[in-house]
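Read the structure below first, then the notes.
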Amino acid sequence: MKIFPFILISIIIISCTRNNNFNFLSKDIIHNNSLVSNSKVLNLKNISSDCPLDSLEMLTSEYGNFKFYSENTLRGEGVIALSINSEIEILNLDKSYFGSISLNKEMESYNINLPKVTIAREIIPDSEYQIFNFDSEQPNKNKDFLIIYLNKEPKLIQKNKAQYNFSSWDEYIKKSFIKLTPQVGNRAPEEEYLYKAIKIKEDSMLIKSVPKSACDYV
């Protein structure tokens, strides 16, 4: 096992809270476009904060004609996981209709009315996984509505029509496995390992390697 402090540049978080459930999340929480790591200053001006839609690492699933992507910008204060057993309507901030997701119980499938390319934290509508995770604000921020992020914009879901669980970003990351990307610099051997976050403080994280067997997907 390796334990070392790691200043966040860009990492991949692999969610393994269910069998073979995985998602990719590049975390970019850097200030002033540079940081000091192992006595080296790494300039981050050329690291994009937007999700490239042709990146396979950002593609979480395809469902019919829909493609669902994650992104490397963290929005809001955490992640809301929806349990969709009926129809969930998603509204714009002016309360106008944006889209919907509903469960067809007879067909064990989902009816989705969203843009064909949708960016969210993690959507895998397959009946085996049923994952609907969205960047969000704290649920108590609005009395009547959950504030989630879809296609990089805030949207609303009525609380009394939704079953959900909220995790802060720290909680969400600590429940997941982490894999380093090449953007961390001269850490090629470490890129082969999986890690768990032990402690998170501002833009730094203490991580510990874990056996690959700990994650069914890997």
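Meeting the requirement of 2 or more residues that are touching a Cys at 6+ places or on another chain (Cβ under 7 Å), no strands (runs of 3 or more DSSP E) wholly within the stretch 59-110 can be named. Scanning the stretch 92-119 for residues that are touching a residue at least 60 places away in the same chain (Cβ under 8 Å) and either under 29 Å from SER176 (Cβ atoms) or in contact with a helix residue (DSSP H, G or I) (Cβ under 9 Å, 6 or more places away or on another chain) (or both) turns up VAL117, ILE119. For the stretch 78-112, the tally of residues that are open to solvent by 40 Å² or more (accessible area, probe 1.4 Å) and modelled with pLDDT under 95 stands at 11. Within the set LYS152, LYS174, the sole residue that is at pLDDT below 90 and open to solvent by 30 Å² or more (accessible area, probe 1.4 Å) turns out to be LYS174. For the stretch 155-171, which positions are touching a residue at least 24 places away in the same chain (Cβ under 8 Å) and either surrounded by fewer than 15 Cβ atoms within 10 Å (Cβ to Cβ) or not hydrophobic (A, V, I, L, M, F, W, C) (or both)? Across the stretch 155-171, the qualifying residues are LYS155, GLN158, LYS161, GLN163, TYR164, ASN165, SER167, SER168, ASP170, GLU171.
Condition check for ILE119 on (1) within 15 Å of LEU156 (Cα to Cα); (2) surrounded by 13 or more Cβ atoms within 10 Å (Cβ to Cβ); (3) of a type in the set (A, V, I, L, M, F, W, C): one failure, at (1).
The values are calculated or read from the model by the stated rules, or taken from the named source; none is laboratory data. Worth saying up front: this structure is predicted, and the values here are computed from it rather than measured. Every residue, glycine as well, gets a Cβ built from its backbone with ideal geometry; the counts of neighbours run over all protein chains shown. The accessibility values were calculated without ligands, DNA or RNA, using every heavy atom of the protein model including side chains. Shrake-Rupley method; radii C 1.70, N 1.55, O 1.52, S 1.80 Å.
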